[in-house]
Amino acid sequence: MQKLRRTMLYVPGNNPGMIRDAHIYGADSIMIDLEDSVSLYEKDAARLLVYQALKTFDFGGTEVLVRVNPLNTPYGRDDFEAIVRAKPTAIRLPKTETADDVIEADELITEIEQKIGMEHGTIKLFAAVESGKGALNAAQIAVASKRLIGIAIGAEDFVTDLKTTRSPEGIELLTARSLILFAARAAGIAAVDTVYSDVNNEEGFASEVELIKQLGFDGKSIINPRQIEIVNRIYTPTEAEIQKSKRIIEASLEAEAKGSGVISLDGKMIDRPIVERACRILDLAEAAKINVE
């Protein structure tokens, strides 16, 4: 079963209460932010706070990422030095534009791991693409490091770079979303969509989640716990989908037991991609705590 990332909840790195409680809302992942949500005057204090939180709080098995400041800022290297030692699941790289950005981060993490005696490869990376240049380089970014477990789009910086604004339909993001999704699938890593900042517009949010699910994204970055239930509901398979998927997998196992490379169900041939989709449907059902036995 692959790690599910239907929801990745942003948490400001300067708010200890929110960091402490973030895991209780049921997001698949939480992302503690040291970048945009922290003012320049709070960068050092927030870094220390996040380090101590990661070393102290029990996040109940929830995946924890930390978004650091870019390495071309005065705060980036200090963020890496502290956060690697605190041992989150992954570091999220903001404003990733080239494969070199990922390689530079990988090399720095390797240096720190060696320095503190941590096993090589312990800390993973998650890249965020936030510009036209980054979108065009997504395929190279996605394979730049074995540490990379996912790639995401950050829409606010992206639309600013494109000299446009976000629309309800999201047409301005379609090409970038597609490029990032193609890159992730080719590399075998996760693809996570951008935030939807109007938390009171639940209808608009649900519509966007339906869109990105249909495109093929693994999940969505979110900024409010109220959005978790909506994402999870849309990503939860129907009973009909679950039952059909179970039958497909049963047919696959039966064919395998017979040593047959041909899978059939109800007189129809079943290809391997259909079996893979059936497995994902059951994974999503289990994540929604639906009994699939």
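The values are calculated or read from the model by the stated rules, or taken from the named source; none is laboratory data. For clarity, every value in this text was computed on a predicted model and none was experimentally measured. Ideal geometry is used to build each Cβ from the backbone, glycine not excepted, and the neighbour counts take in all protein chains shown. Note: accessible area is taken over every heavy atom of the protein model, side chains too, but ligands, DNA and RNA are not part of it. Shrake-Rupley method; radii C 1.70, N 1.55, O 1.52, S 1.80 Å.
Atom-type composition of the exposed protein surface of the chain places 52 percent of the accessible area on carbon and sulfur (1.4 angstrom probe). Residue-wise HN-Hα couplings along segment 108-115, as the Karplus relation 6.51 cos²θ - 1.76 cosθ + 1.60 with θ = phi - 60° gives them from phi, are 5, 4, 4, 4, 6, 4, 5, 5 Hz; Gly and Pro carry x.
Can you pull the semi-axes for segment 239-288, root of five times each eigenvalue of the Cα gyration tensor, sorted largest first, whole Å?
Details: eigenvalues 81, 22, 15 Å².
Output for segment 239-288: semi-axes of 20, 11, 9 Å.
Between segment 88-134 and segment 201-252, the C-alpha centres lie 29 angstrom from each other. Rounded to the nearest whole Hz, the Karplus-based 3J(HN,Hα) values (6.51 cos²θ - 1.76 cosθ + 1.60, θ = phi - 60°) of segment 159-168 follow the sequence 5, 5, 4, 7, 6, 9, 9, 6, 10, x, with x at glycine and proline. Put simply, the amide H of ILE222, placed in the peptide plane, has neighbours under 5 Å in MET8, LEU9, TYR10, leaving out anything fewer than 5 places away on its chain. Heavy-atom accessible surface of ARG272, to the nearest 10 Å², is about 120 Å², with a 1.4 Å probe and all protein chains retained. Within the chain, antiparallel bridges make up roughly 5 percent of the DSSP beta bridges whose residues both belong there.
Compared with the dominant principal axis of the Cα atoms in the chain, helix 226-235 is inclined by about 30°. With θ taken as phi - 60° and the Karplus curve 6.51 cos²θ - 1.76 cosθ + 1.60 applied, the whole-hertz 3J(HN,Hα) list for segment 8-23 is 10, 8, 6, 9, x, x, 10, 10, x, x, 5, 5, 4, 9, 4, 6 Hz, x standing for glycine and proline.
Does the chain come out rounded, prolate or oblate, given a ≥ b ≥ c as the square roots of the eigenvalues of its C-alpha gyration tensor, rounded meaning a/c under 1.5 and, failing that, prolate meaning a/b above b/c?
Details: a/c = 1.69, a/b = 1.56, b/c = 1.08.
The shape class here is prolate.
How large is the accessible surface per residue of the chain, computed with a 1.4 Å probe and reported in Å² as a whole number?
On the way: 14450 Å² over 293 residues.
Accessible area per residue, the chain: 49 Å².
Each Lys or Arg adds one and each Asp or Glu subtracts one; over the other residues with Cβ under 15 Å from the Cβ of GLY170, this totals -4.
The angle between the Cα long axis of helix 76-86 and the longest principal axis of the Cα atoms of the chain comes to about 60 degrees, rounded to the nearest 10.
Please list THR89, THR7 in order of solvent-accessible area, largest first, computed with a 1.4 Å probe with all protein chains present.
Numbers: THR89 55, THR7 0 Å².
Putting THR89, THR7 in descending order of accessible area: THR89, THR7.
When every Cα-Cα distance of segment 22-138 is counted in 10 angstrom steps from zero, the calculated P(r) takes the values 13, 45, 34, 7 percent.
Quick check: the angle from helix 202-215's long axis to the longest principal axis of the chain, C-alpha only, nearest 10 degrees? It is inclined by approximately 70 degrees.
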